[in-house]
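No lab work stands behind these numbers, since they all come straight from the coordinates. The shown structure was predicted, so the numbers you read here are calculated from the model rather than taken from an experiment. We place every Cβ from the backbone using ideal geometry, glycine too, and count neighbours over all the protein chains shown.
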Amino acid sequence: MEYNLKQNDETKKILAAITEGNTLTLTMEEKDIQAMVTRISDHHIHMDLDDGNGRKGINVYVADDNGKKIIVINGMPYYIEDDDSHRFAKNKKRSGANIPDVVTPPMPAIVISVLVNRGDRIEKGQKLVVLSAMKMETTLTAPFGGTVTKVNAKEGDKVAPGDILVDIEKEE
Amino acid sequence: MFKKILVANRGEIALRIMKTLREMDISTVSVHSDADINAAHRLFSDQSVYIGKSAPKESYLNMAAIIKAAKETGAEAIHPGYGFLSENADFAALCEKKKIVFIGPPAHVIKNLGDKTIARQIMIKSNVPVTPGMSEPETDISSLMKKAEELGYPVLIKAAAGGGGKGMRIVFKETDMKDACEAAEREASQAFGNGSIYLEKYLLKPRHVEIQILADTHGHVIHLLERECSIQRRYQKIIEESPSSALSDELRQAMGKAAVSAAKAAGYVNAGTVEFLLDMNNQFYFLEVNTRLQVEHPVTEMITGIDLVKHQIRIAAGEKLTLSQKDISAKGHAIECRIYGEDPENAFFPSPGKILFMKEPKGPGIRNDCGIYSGYTVPVEYDPILSKLVVHAENRELAIQRMIQALKDYVILGIKTPIPFLIDIMNSDAFKKGDTTTDFIDTHFPAWKPDKKDTALAYIAFIADELSKTVTQNPQSVKNSDFPTPWETIGFYRP
């Protein structure tokens, strides 16, 4: 089997074969690795690795989260995506969180105040919405100058990444 | 002794307090909001009372609801924990009026010390050194600007009612002053219900060293040595330890003595903390008194072997302190790391959400005061603290090694935590040398990025998870530990 796994923007090709019982043979960057895999629980896997230079046992912790796997090894989280499933997946509407040009919270938050109204002319960088998450305040600013066409949030609202709080018509 | 105590708090601190109450055979009553219906503290308590909606103002800051809960359940005393109503003099007074024991100092002491400007006045009178700055709160922006000019930038804006870094801003230049004051006022009034602010001169490269005190109702005051809490982000501590690598025995005694006289001058009762800033010349300045149990109290408990919560309850019940100053000595070294729900790669932004899986570290000398569990959703409404990981070992070097292993063994999947960042701090030369000042993170870790050195292993883990998961999903598979045949994984077919 061929896997194309992606972390951040880097993709790596890995060949994997089940050789016997619970042992995997993997080829990565022209190196062969044997992994004896013991699943301990839904989120805990023990791997006995052999890369030709000796065996090493390691515990890894895994969870599926939003199309990625979170994998924790020695306290460090890795966020890994399957590039193939990504390619074949339906063209999912990307959440606003990844688009820099919309006014959306970077994390789940509560609206403290909305500083603009519909029809306001605003400048790039102008403060639009004050948010609070876990008692920390952040202010969302205008990604570009223009006119506010719609305000979609009010004080006390619970909002999440992808929710567009203020619509702005860009000034050309 | 009390038969039943209500804990007016949530999360890890409510649990920590209730654990001691259980040991003392005292019934526990917790309170919860809408957001906390599944919170660990509610599930742990003998009884829990719903006190209102998720917003802190409507629940954990809702005095009437909490008093009513205590009355209805027959709780004789209220432990406020830290944050929320713990330093609210009105609440302490209300408890007194309603004949419920408030586990903390008397209302007037909280009021005096809670107002940081009055506290400064008390300290000045009893010859405890204070940092240069104002001793009166101010709301007028232009007066604040003038004061800042007199003190000289950088200045520190502080909430008169402050604590925990809320409503605090450091300002380097005049043009930032107005916005900073407004933000500090708003944050302060949200956190404490009081938006008054004042200014102090901002000391460069100070250490934050505090002294734990215990005072009974019979005039007996002792200190339980120091905690070094210099490593902070957004003016909030993230790593604390004891003993401090900066203190000689002589300095320790001098600071302990100053803390005891500060407590006496203020008429202090119960557990409290006198915070000092220590400058590069080992001069110490009074910062504030925290009239409550501190987040970092376990560090003191580990090195002294004393359960501070137990003593708080005994003192509140009117008992005499069974400890005297000569009974207090430090054994070994303790370090605490605060595990917040936040993203260390992204300016420590809050990271609420569902915990898909977690595993706590275990072993000799490891303590984790924890308020979360697998499947729990960390709410957006409250402080991001998830747990406090504490280790105790023979000396500082061994405590650091123990902490690194404990952090590596602590798994929280689903939300971001600073665990990898804390590991890097513990491994740094600056921390190992004990070079801990309040600008530690800005100086040594200005734009921290994780070193993802085990990415290859993570890829292997990814494939191992994908392939072995189909086994448990497929009831027809008999050999549980083996991988499925290609026919069983046809849905996952790859060329």
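Some observations on this one:
- Excluding same-chain neighbours fewer than eight residues apart, the aspartates and glutamates reachable from B:Lys178 by a Cα-Cα span under 20 Å are A:Glu137, B:Glu136, B:Glu138, B:Asp140, B:Glu149, B:Glu150, B:Glu187, B:Glu200.
- Label-point gap, in nm, between A:Ser41 and B:Asp439 - each point 7 angstrom along Cα→Cβ: 4.5
- Neighbourhood net charge (11 Å Cβ-Cβ; Lys/Arg +1, Asp/Glu -1) for B:Arg120: -1
- Peptide ranges B:254-264, A:56-66 listed from the most packed, as the mean C-beta count within 10 angstrom indicates: B:254-264, A:56-66
- With the simple spin-label model, which puts each label point 7 Å out from Cα in the Cβ direction, the B:Asp34 to B:Ser143 separation comes to 4.0 nm.
- Each peptide in A:114-126, A:137-149 gets a packing score, the mean of other Cβ atoms within 10 Å over its residues, and the list from highest to lowest is A:137-149, A:114-126.
- Cα convex hull of the range B:204-324, projected area averaged across orientations, nm²: 7.2
- Cα-Cα P(r), the range B:356-415, percent of pairs per 5 Å interval: 4, 17, 26, 21, 15, 10, 5, 2
- A:Glu123 versus B:Lys264: modelled label distance in nm, points set 7 Å from Cα along the beta carbon direction: 6.0
- Stokes-Einstein D in µm²/s, Kirkwood radius over Cα pairs - chain B at 25 °C with 0.890 mPa s viscosity: 102
- Mean Cα-pair separation over length for the range B:224-380, i.e. relative contact order, pairs under 8 Å, 6 or more apart, %: 21
- Equivalent ellipsoid of the range A:96-170: semi-axes from √(5λ) of the C-alpha gyration tensor, largest first, are 19, 13, 10 Å.
- Charged side chains reduced to their Cβ positions (Lys and Arg at +1, Asp and Glu at -1) give the protein assembly as shown a dipole of some 1440 debye around its Cα centre.
- Each other residue within a Cβ distance under 12 Å of B:Leu204 adds +1 if Lys or Arg and -1 if Asp or Glu, for a net charge of 0.
- Take the Cβ atoms of B:His108 and A:Glu137, set R0 to 41 Å, and the FRET efficiency comes out at 0.80.
- Counting Cβ atoms of other protein chains within 10 Å of each residue's Cβ and taking the mean over peptide B:407-413 gives 6.
- Counting only alpha carbon atoms, the long axis of helix B:116-125 and the longest principal axis of chain B meet at about 50°.
- Only aspartates and glutamates eight or more places from B:Lys432 in sequence, or on another chain, were considered; those with a Cα closer than 16 Å are B:Glu228, B:Glu240, B:Glu241, B:Glu336, B:Glu394, B:Glu397, B:Asp424.
- Restricting the range B:1-84 to trypsin sites (Lys or Arg not before Pro) that sit in a DSSP loop and have at most 14 other Cβ atoms within 10 Å of their own Cβ leaves B:Lys3, B:Lys53.
- Hydrodynamic radius of the range B:147-275 per Kirkwood, over alpha carbon pairs, in Å: 16.3
- Relative to the longest principal axis of the Cα atoms of chain B, the long axis of helix B:455-473 lies at roughly 60 degrees.
- Shape of the range A:2-88, Cα gyration tensor, a/c cut at 1.5: oblate
- Helix B:11-23 and the longest principal axis of the Cα set of chain B meet at an angle near 80°.
- Count Lys and Arg as plus one, Asp and Glu as minus one, and take only other residues whose Cβ is under 14 Å from that of B:Lys97; the net charge is then +2.
- Candidate aspartates and glutamates - alpha carbon under 13 Å from A:Lys6, same-chain residues fewer than 8 apart omitted: A:Glu81, A:Asp82, A:Asp83, A:Asp84
- Only helical runs count toward this figure. For chain B, summing -39,500 (n - 2.57) over DSSP H runs of n ≥ 4 and dividing by all residues gives -10000 deg cm²/dmol at 222 nm.
- Where N is the number of residues in the protein assembly as shown, Cα Rg divided by 2.2 N^0.38 Å: 1.03
- At most 13 other Cβ within 10 Å, DSSP loop - trypsin sites (Lys or Arg not before Pro), the range B:302-371: B:Lys320, B:Lys331, B:Lys362
- For the range B:369-433, trypsin sites (Lys or Arg not before Pro) meeting the loop criterion (DSSP other than H, G, I, E, B) and having at most 12 other Cβ atoms within 10 Å: B:Lys433.
- Computed from the Cβ-Cβ distance with R0 of 30 Å, the FRET efficiency linking B:Lys331 to B:Met1 stands at 0.60.
- Chain A: Cα Rg divided by the 2.2 N^0.38 Å rule of thumb: 1.48
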